């Protein structure tokens, strides 16, 4: 992402969108506008970016540069599937640290204070939230959300759609299955299966998810 990018549009106009837009603005990228299906937000602004219309009104073939500014993992997947040819922008806050050997997928956003260490591979449309750390050689699948203050040790693997809650941790070389939710402050010390909610220290499965 660089300041020469023009015509950047966001999908979403809520609290998460404000953080995405602020990251773009800190990188001196102009946000031309955002779209949101909440009718109460029409004709309003999000950090000076106008709400231009609803997501439903968008053509399936959209022009310009785009970012999905929605915190929910499944919703980001649905939006990305609807617009497969969109020019998705990878957003990096200037005060984040990304090692040159790390990789970030299209549509991923990395917020202020986040750290992505050597060899880490982040998929598409992920969120590496404020102050989160992704250590060396981690693999983060598409549509994951690594919450504020979360710490992933070296070699951790998050499968597609994982949500790591605020302040959660995963010790080195553990893995978390697809679409699993790890609660705030939880500690992953052993592998977790697909589609469960795990909480506590150590993190234990509390229930299954029907996804």
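Observations, loosely collected:
- Taken together, the residues in region 83-94 that are within 13 Å of the chain's Cα centre (by Cα) and in a loop (DSSP other than H, G, I, E, B) amount to 3.
- Residue match in region 23-30 (condition: assigned to a loop (DSSP other than H, G, I, E, B), touching a residue at least 40 places away in the same chain (Cβ under 8 Å), under 14 Å from the mean Cα position of the chain (by Cα) and under 24 Å from residue 147 (Cβ atoms)): no
- Filtered residue count, region 59-70, keeping only those that are closer than 20 Å to residue 20 by Cα and not in a strand (DSSP E or B): 5
- Residue check for residue 58: more than 20 Å from the chain's Cα centre (by Cα), under 19 Å from residue 86 (Cα atoms), surrounded by 15 or more Cβ atoms within 10 Å (Cβ to Cβ) and modelled with pLDDT of 95 or more: no
- Subset of region 161-177 [within 20 Å of the chain's Cα centre (by Cα) and surrounded by fewer than 18 Cβ atoms within 10 Å (Cβ to Cβ)]: 166, 167
- Among the residues of region 31-44, those identified as in a loop (DSSP other than H, G, I, E, B), more than 19 Å from the chain's Cα centre (by Cα) and surrounded by 14 or more Cβ atoms within 10 Å (Cβ to Cβ) are 37, 42.
- Among all residues of region 71-82, there is none that is at pLDDT 95 or above, surrounded by 22 or more Cβ atoms within 10 Å (Cβ to Cβ) and in a loop (DSSP other than H, G, I, E, B).
The values are calculated or read from the model by the stated rules, or taken from the named source; none is laboratory data. All figures in this text were calculated on a predicted structure; none of them were measured in a lab. Here Cβ is always computed from backbone atoms with ideal geometry, including for glycine, and neighbour counts include all displayed protein chains.
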